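Trainee: Please find one structure pasted underneath; my questions will follow.
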Amino acid sequence: MIKALRGTQDILPPESEQWRYVEEMIRKLCAQYGFQEIRTPHFEKTELFQRGIGETTDVVSKEMYTFTDRGDRSLTLRPENTAAAVRAYLEHKVYADQNVTKWYYIGSMFRYDRPQAGRYREFHQFGVEVLATPSPQADGEIIALAVQLFQTLGLHDLNVFVNSVGCPKCRPVYREKLIAYYEAHQDELCEDCKTRLYKNPLRLLDCKEEACQKLAQDAPEITDYLCEECADHFAATQKLLTAAGIPFTLNPRLVRGLDYYTKTAFEIQYAPLGAQSAICGGGRYDGLVEEIGGPHTPGIGFAVGLERLMLALSMQDLLPEVTAAGDVAIATHGEAASELGFAIAQELRAANFTVDTDLLGRSLKSRLKQVGKTGTKYVIIIGETELADGTVIIRDLAAREQTTLARSEVVGYLQNERERRG
Ligand code: HAM
């Protein structure tokens, strides 16, 4: 039997209905904050991610699904969507409107990572990107949006961690300090960190190995090395969060796995998810648009891992029970009645009712038994007598009442019932 690939998942009903519930919440909230949806391709030129995310990152060096297509081009399934959003922003010259751009997306991302709970090879992100404003208020607004999403869904016990990772002016100074600190402890580092030390020393702060974590405790902190502009920006962002009553924790050791970040970096974690506790990660990327070949354009965004969000919601029992129960089911006896039932179903669907017909040609008795289990509100019954009389029976399953009506009265009757019930 052919099975789904490791690290990929099918989302079947009723779970797919729960995903839809979460996605609808996301769309509603994005509209409230003035974000509009973008849809970009699932694959791009490999070069876009190499330049955008950074060659030394794990994502680019180890985790990309890169392939050569039949036209001999190197293509990559998107491992994240910020670089692609920026590519689209430039390609369509969106900057020309001289306004702030606020986009969101929901879709699949692909990373060749070791699969485990909360970590997949194809996963889904809800992300937002704000382009063309350096204002700390944008930082505040997107953190507020993420926090409000989780609150609206009812999630509790989340932690918002905030840091500043500086800019090309101040980070090199910090980088040197960090290298000097770790050089003195080189023997204690794990093999990965030994090789990362000169390529990407900030990542050492994020290593999950016990010995490296211990070393990180005493490592120099970036917030002591921020230039005036970065320090002011960071202070202003914190002030806004405090003013809006958004609880957060400063974490000077918070670094992100992608190279484009400048200034604000943040993560929202749900600790019970263990090693994959980051539900949301993001930050500012004031140099990315230039890196990809555009005019200087500051940007900021985040992405929420939807599988992790769904896991957290189910751990807190916050996913609604979704039933497929409709308004009306049709139960008939014989071919002529079945045709008539189909015509009535179509009339009702046109009038905005949810209707289920019997596609298995069951006997009236077994159809009624099956319908009784689904939670449907009404069943329309057309047996031999009704067919001969030009009538139908409408049975209210919850109230255990029924009435016989002329066929032409069915839609009007159910519309009245709908209004009466509100
Ligand atoms: P990221 O931290 O790489 O950032 O991913 C964001 C979120 O996606 C993570 O916090 C996690 O919830 C989820 N995630 C990442 N990898 C996996 C995986 N293998 N399986 C399941 N979930 C995963 C970005 O992708 C940036 N583009 C975010 C951003 C937008 N920054 C600025 N704008």
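Trainee: Using a 1.4 Å probe and ignoring any ligands, DNA or RNA, find the accessible area of C167 and quote it in Å² to the nearest 10.
Mentor: C167 has an accessible surface of roughly 20 Å² with all protein chains in place.
Trainee: Relative contact order for the chain using alpha-carbon pairs under 8 Å, separation at least 6, rounded to a whole percent?
Mentor: 15 percent
Trainee: Another question, if that's okay. Percent relative contact order of the stretch 326-414, based on C-alpha pairs within less than 8 angstrom and at least six residues apart?
Mentor: Once divided by the residue count of the stretch 326-414, the mean separation gives 30 percent.
Trainee: With Cβ to Cβ distances under 14 Å as the rule, what net charge do the other residues near A399 carry (K, R +1; D, E -1)?
Mentor: Net charge in that neighbourhood comes out at +2.
Trainee: Something else about it: Tell me, what is the per residue accessible area of the chain in Å², probe radius 1.4 Å?
Mentor: 51 Å²
Trainee: Which whole-angstrom value gives the distance between the alpha carbon centres of the stretch 2-19 and the stretch 146-200?
Mentor: 33 Å
Trainee: Nothing charged except the Cβ atoms of Lys and Arg (+1) and of Asp and Glu (-1): what's the magnitude of the dipole of the chain about its Cα centre? Round to the nearest 20 debye.
Mentor: Here the chain has a charge dipole of around 360 debye.
Trainee: Which sequence of S363, S408, S277 reflects their accessible areas, 1.4 Å probe, from the largest down?
Mentor: S408, S363, S277
Trainee: Now for a different question. I'd like the accessible area for R111: 1.4 Å probe, protein heavy atoms, all chains in place, Å² to the nearest 10.
Mentor: Probe radius 1.4 Å; accessible area of R111 about 50 Å².
Trainee: Calculate, axis by axis, the spread of Cα positions in the stretch 133-224 along the three principal axes, and write the results as whole Å, longest axis first.
Mentor: Cα extents, longest axis first: 48, 31, 20 Å.
Trainee: About its Cα centre, what dipole magnitude does the stretch 140-213 give when the only charges are +1 on Lys and Arg Cβ and -1 on Asp and Glu Cβ, stated in debye to the nearest 20?
Mentor: Taking the Cα centre of the stretch 140-213 as origin, the dipole is about 440 debye.
Trainee: Moving to a separate point now. From largest accessible area down, sort L12, L288; use a 1.4 Å probe on the protein chains.
Mentor: L12, L288
Trainee: Kindly provide the Kirkwood hydrodynamic radius of the chain in Å, to one decimal, from all pairs of distinct alpha carbon atoms.
Mentor: 25.1 Å
Trainee: Same structure again: I want to check the label-to-label distance for E210 and A275. Put each point 7 Å from Cα in the C-beta direction and report it in nm to one decimal.
Mentor: 1.5 nm
Trainee: Next question. Expected output is a single nm value to one decimal: the length gained when fully extending between D69 and K93, i.e. 0.36 nm times separation in residues minus the C-alpha distance. What is it?
Mentor: Computed gain between D69 and K93 is 5.9 nm.
Trainee: Given the pairs K102/K263; K62/K194; K177/K199; K3/K208, which are separated by over 25 angstrom at their Cα positions?
Mentor: Distance filter (> 25 Å) returns K3/K208.
Trainee: OK, next. Expressed in whole Å with the largest first, what are the equivalent ellipsoid semi-axes of the stretch 326-414 derived from the C-alpha gyration tensor as the square root of 5 times each eigenvalue?
Mentor: Square roots of five times the eigenvalues give 16, 16, 13 Å.
Trainee: Shifting gears a bit: Carbon and sulfur atoms: what percent of the 1.4 Å accessible area of the chain do they account for?
Mentor: Of all accessible area on the chain, carbon and sulfur atoms account for 49 percent.
Trainee: Which aspartates and glutamates, on any chain, are close to K369 with Cα under 18 Å apart, when same-chain ones fewer than 8 places away are left out?
Mentor: Those aspartates and glutamates meeting the cut-off are D327, D356, D358, D396, E401.
Trainee: Taking K and R as +1 and D and E as -1, what net charge do the other residues with C-beta under 13 Å from the C-beta of E17 add up to?
Mentor: It works out to a net charge of -3.
Trainee: For the chain, what does the helix formula give at 222 nm: sum of -39500 (n - 2.57) over DSSP H segments with n ≥ 4, over the residue count, nearest 500 deg cm²/dmol?
Mentor: Per the formula, -11500 deg cm²/dmol.
Trainee: How long is the gain from L250 to I11 if the chain were fully straight, where each residue apart is worth 0.36 nm and the alpha carbon distance is subtracted?
Mentor: Between L250 and I11, full extension yields 82.4 nm more.
Trainee: Related question: Let me check something: with ligands and nucleic acids excluded, how do D218, D97 order by accessible area (1.4 Å probe), largest to smallest?
Mentor: From most accessible down to least: D218, D97.
Trainee: Taking the Cα centre of the stretch 326-414 as origin, work out the dipole magnitude from +1 charges on Lys and Arg Cβ and -1 charges on Asp and Glu Cβ, in debye rounded to 20.
Mentor: Here the stretch 326-414 has a charge dipole of around 420 debye.
Trainee: What length, rounded to one decimal in nm, is gained on full extension from E229 through to C190, with 0.36 nm per residue of separation minus their alpha-carbon distance?
Mentor: Net length gain for the segment: 10.6 nm.
Trainee: Sticking with this one: Excluding ligands and nucleic acids, what accessible area in Å² is computed for H42 using a 1.4 Å probe, to the nearest 10?
Mentor: 80 Å²
Trainee: Label-point separation (nm) for F43 and Y413, each offset 7 Å from Cα along Cα-to-Cβ?
Mentor: Taking the two extended label points, one gets 5.7 nm.
Trainee: Please give the Cα centre distance for the stretch 319-346 versus the stretch 63-81, rounded to the nearest Å.
Mentor: Using only Cα atoms, the two centres lie 46 Å from each other.
The values are calculated or read from the model by the stated rules, or taken from the named source; none is laboratory data. Just so it is clear, the model here is predicted, and its values are computed rather than measured. Heads up, the Cβs are rebuilt from the backbone with ideal geometry, glycines too, and the neighbour counts pull from every protein chain shown. Protein only, heavy atoms only, side chains kept; ligands, DNA and RNA dropped before computing areas. Shrake-Rupley method; radii C 1.70, N 1.55, O 1.52, S 1.80 Å.
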